[in-house]
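**Student:** Take this structure, written in structure tokens, and hold onto it; I'll ask about it next.
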Amino acid sequence: MAHSNTGFHLQDPTTPQRPCPAARGRAGLCGLAVGDRRWWCGVFAALLVVSLFPLEGRAEDDGRFWMEKGSRKTASIHKPGVFREMVESVGSAVVNIEVSIKRRGAFSGEKSEVGQGSGFIITADGYALTNNHVVADAVEIVVLLADDRRFSARVIGADESTDVALIKLDGAAGLPALALGSSQGMGVGDWVVAIGSPLGLRSSVTAGIVSAMGRRDVKPGEGRFYSNFIQTDASINPGNSGGPLVNMSGEVIGINTAINRLGQGIGFAIPIDMVKSILPALRSDGFVERSWMGISIQEIDGPLASTFGLKKAGGALVTQVDPRGPAFRAGVREGDIILAFDSESIQTSEELPWLASVAGVGRTVELAVWRSGGRQSVKMTLEAMPNQRRSRPTLDEPLKSPVSADLGIEVRVGGDSGVFVAVIADDSPARASDLRPGDVIVQVGDASVTSINDFYKFLKAAPAVVRLKVQRLGATRYVALPTR
């Protein structure tokens, strides 16, 4: 299971500092006498600087359990050995992840597979980040440090929709850890470094620049829904998945996750700000409970915008409103154009799903809506997305029925109703259908599924091809599944 993917520029100060003149009278700032008007001006200036630039590492009561910033200063790339110095300071916290997987084939019984990827430690007691696709379906996880120490690990929380997983190294203490920076401050042309185990080659380092920000039109793999990638030309290869993309201060600004196999120098990383927004939930609950508006939307281009009386394209055009959802109750209508979500301007329709999903269940937000040629304000209380998984991932949940084994799928307890599709075998009839891991099956044929036993019972009585009704990220769709 080899997996895919994966500034800084401050010149060193060279201007000599002028020494302070000798102090005269009572000791004061830079030798100025206390009470001197210049002394008070100096005090005011110092207080202003402190207020504008608070000390790093100040604790905030926001669920944060990782280091927010590193202690290294940004370095000039023109200084000899600057990459070496930065990599030496962060490389010990980058790890190789080996996983053992047991899959049930459609006709071949259970088979074992091994895979590998990358990750990085974020706390001294062994919390580490990687991609969900690196550790998904694992029955055993072994983490190998740069100093050859080995730890068994377990999944603490996982989010398939962003491809992020939080793992914990058992019995770990005093480990090196990376600081999480901010992807928001990165820009095209900034230097970045990718570290990981491409093709199994541990502790490999590549450097490049940020090629693009905000790539939302990239959808690698099944189950991935929320995308906002950092594109980089730092060399990324299978096995780099889950490793860090760092800036020249040694701070993580992304998790390497995908590559374009048809091109060179085109890799993608999950922005670390996106990761930080879900980390507390992954640690405390094991999953991300997403909030929901209950609408379908589409992009709006210039010609279409003009038909609605907008001067330029922008926002998200509402094409459907679910009568069971909060948007319907708030008065949102088909044909509305959502221009802002809780003061966040919506430039493209792809920005809205992420904002709505992490805003919080029960939170009341204000929408700026374009309707009938004018701008209006709509207040809406968000609700929980239907049929989302609400349980911690486990390392080993074997198949519970020969029926699901024949189809090549593993199902587990779902959300509010139905069953959750956990695994689809590569050589199975289910793989050839449109069924995906993460789907929640709520109907088999015309029969509603309320338990795993229901699912098995209805499948046994099903015809050669059965219709499944599934919930996928809040939307409903139908899938035709061969049963024999």
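**Student:** Spin-label point model (7 Å from Cα, Cβ direction): what's the Ser203 to Arg84 distance in nm?
**Tutor:** 1.5
**Student:** By how many nm would the segment from Ala475 to Ser345 lengthen if fully extended, with 0.36 nm per residue of separation less the alpha-carbon distance?
**Tutor:** On the way: separation 130, 0.36 × 130 = 46.80 nm, distance 2.45 nm.
Full extension from Ala475 to Ser345 adds 44.4 nm.
**Student:** Quote to one decimal, in nm, the extra length available between Arg154 and Arg467 on full extension: 0.36 nm per residue of separation minus the C-alpha distance between them.
**Tutor:** 109.1 nm
**Student:** Can I ask one more? Per residue, how big is the convex hull around the C-alpha atoms of the stretch 291-384? Give it to me in cubic angstrom, could you?
**Tutor:** Numbers: hull volume 7.2 nm³, N = 94.
Looking at the stretch 291-384, the number lands at 76 Å³ per residue.
**Student:** For labels at Ser306 and Arg64 in the simple 7 Å Cα→Cβ model, what's the distance in nm?
**Tutor:** Placing both labels 7 Å beyond Cα along the Cβ direction yields 4.8 nm.
**Student:** Could you tell me how far the Cα centroid of the stretch 160-221 sits from the Cα centroid of the stretch 280-329, in Å?
**Tutor:** 28
**Student:** Right, here's the next one. Sorted by average packing, counted as other Cβ atoms within 10 angstrom per residue and highest first, what order do 325-335, 283-293, 243-253 take? Don't skip to the end; give the middle numbers.
**Tutor:** Working: 325-335: 17.3, 283-293: 19.8, 243-253: 27.9.
Top to bottom by mean Cβ count within 10 Å: 243-253, 283-293, 325-335.
**Student:** Could you sort the peptides 208-217, 264-273, 150-159, 373-382 by per-residue average Cβ neighbour count (10 Å cutoff), highest mean leading? Mind showing how you got there, number by number?
**Tutor:** Details: 208-217: 16.2, 264-273: 22.0, 150-159: 19.6, 373-382: 13.8.
Packing proxy ranking, top to bottom: 264-273, 150-159, 208-217, 373-382.
**Student:** Determine, for each peptide in 463-472, 140-149, 232-241, the mean count of other beta carbons within 10 angstrom over its residues, then list the peptides with the highest first. Please report the intermediate quantities before stating the final value.
**Tutor:** Values: 463-472: 17.1, 140-149: 15.6, 232-241: 25.6.
Most protected by this proxy first, the peptides run 232-241, 463-472, 140-149.
Read-outs throughout are calculated quantities, based only on the coordinates presented, and are distinct from any laboratory measurement. Note that this is a predicted model, so its numbers are computed, not measured. Every residue, glycine as well, gets a Cβ built from its backbone with ideal geometry; the counts of neighbours run over all protein chains shown.
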